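Structure first, then comments.
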Amino acid sequence: QVQLAESGGGLVQAGASLRLSCAVSGRTLSSLNMAWFRQAPGEERDFVSAIDWSGGTIYYADSVKGRFTIFRDNAKNTVYLQMNSLKPEDTDVYYCAADRSIVIVTTTDGYTSWGQGTQVTVSS
């Protein structure tokens, strides 16, 4: 069973950077497609970024392109989300997700394992 643990969230000012980490246990990271989603209270969970098991396919939501970077360190069994030029509208709870599917997707139903989430708050 895959277990995911996010960390790295916090309170920052607009324009600052944060790096989120997602530590994977229970399965080798290199066999997993990984993604980040975010969710505000009372709203749906939105796609942010995804990286396939090989690292060769990466997707970003339009709202974060050019500012966020997803990358993986298979040796550390950890996936990261580097977030630069943060905006107040990036304020959300960020969730890490994993799946063993061959095909990587950008929807929540494509992921079977989820972390507990980490809060990111960007002040103006």
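One table, with the values for the structure above:
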| quantity | calculated |
| --- | --- |
| Tally of residues being under 15 Å from Gln82 (Cβ atoms) and surrounded by 16 or more Cβ atoms within 10 Å (Cβ to Cβ) across region 2-34 | 9 |
| Yes/no for Trp114 being of a type in the set (Phe, Trp, Tyr) and modelled with pLDDT under 95 | no |
| Phe37 in a strand (DSSP E or B), buried (at least 21 other Cβ atoms within 10 Å of the Cβ) and of a type in the set (Phe, Trp, Tyr) | yes |
| In region 48-63, the residues that are assigned to a loop (DSSP other than H, G, I, E, B) and open to solvent by 50 Å² or more (accessible area, probe 1.4 Å) | Trp53, Ser54, Gly56, Asp62, Ser63 |
| Residue match in region 89-99 (condition: assigned to a loop (DSSP other than H, G, I, E, B), open to solvent by 50 Å² or more (accessible area, probe 1.4 Å) and either of a type outside the set (A, V, I, L, M) or under 21 Å from Gly15 (Cα atoms) (or both)) | no |
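The values are calculated or read from the model by the stated rules, or taken from the named source; none is laboratory data. Everything numeric in this text was worked out from a predicted model, so none of it was measured. Heads up, the Cβs are rebuilt from the backbone with ideal geometry, glycines too, and the neighbour counts pull from every protein chain shown. With ligands, DNA and RNA removed, areas are computed over all heavy atoms of the protein, side chains included. Shrake-Rupley method; radii C 1.70, N 1.55, O 1.52, S 1.80 Å.
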